[in-house]
Amino acid sequence: MQLRTQELAQANAELQQANARLEEFSRTDGLMQIANRVCFDDRLAQACASAVRHERPLGVLMIDVDHFKRYNDTYGHLAGDNCLASVAKAMGAVLLRPADEIFRYGGEEFTIIMPQTSKEQALGVAERVREAVA
């Protein structure tokens, strides 16, 4: 009986680990290896609630890659995917705080959530992102 209980406990632990991996997979953009829109929606709600509760600013950037459709049509989807992955990497490289997080919002759209970030600070991050992508 004790052996069966241990086997069931082990199977349950493995199932919980698999479910955690599946949950993480469902919240990650496979191409960019960054958080996806589902994760963004959840994190934005949490960040807004925290900002209101602590009376702190919250910076959110919405980023759209200009002329991406034309690029994708000209060079093909593989080149377009590589381009977007490079853009995501460049944006991530300029985020200086661990709390700042980048998300793939949709096709060629990205967002960045920056807790405790004023408008002026968010504009500074936006400029660094623009320069890095350029």
Legend entry - Members of the range 1-40 that are over 30 Å from Ala88 (Cα atoms) and among the small types (Gly, Ala, Ser): Ala9, Ala11, Ala13
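Residue-by-condition table, conditions (1) loosely packed, with under 10 Cβ neighbours inside 10 Å; (2) touching a helix residue (DSSP H, G or I) at 6+ places or on another chain (Cβ under 8 Å):
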| position | (1), (2) |
| --- | --- |
| Met32 | no, yes |
| Ala35 | no, yes |
| Phe40 | no, no |
| Ser50 | no, no |
| Arg53 | yes, no |
| Gly59 | no, yes |
Legend entry - the range 1-30 residues that are within 30 Å of Asp41 (Cβ to Cβ), paired with ones that are assigned to a loop (DSSP other than H, G, I, E, B) (beta carbon under 8 Å, 6 or more apart): Arg27/Asn36; Thr28/Asn36; Asp29/Asn36
Legend entry - Matching residues, the range 110-132, being in contact (Cβ under 8 Å) with a residue 60 or more places away in the chain, touching a helix residue (DSSP H, G or I) at 6+ places or on another chain (Cβ under 9 Å) and open to solvent by 60 Å² or more (accessible area, probe 1.4 Å): Gln116
Legend entry - Of all residues making up the range 86-109, the number that are open to solvent by 40 Å² or more (accessible area, probe 1.4 Å), assigned to a helix (DSSP H, G or I) and among the small types (Gly, Ala, Ser): 2
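Looking at the range 50-58, can you tell me whether even one residue there is outside any helix (DSSP H, G or I), farther than 26 Å from Glu127 by Cβ and either more than 14 Å from the chain's Cα centre (by Cα) or at pLDDT 95 or above (or both)?
Yes.
The values are calculated or read from the model by the stated rules, or taken from the named source; none is laboratory data. These figures come from a predicted structure and were not determined experimentally. Note that each Cβ is placed from the backbone with ideal geometry, even for glycine, and that neighbours are counted across all protein chains shown. Quick note on the areas: whole protein, heavy atoms, side chains included, nothing else; ligands and nucleic acids left out. Shrake-Rupley method; radii C 1.70, N 1.55, O 1.52, S 1.80 Å.
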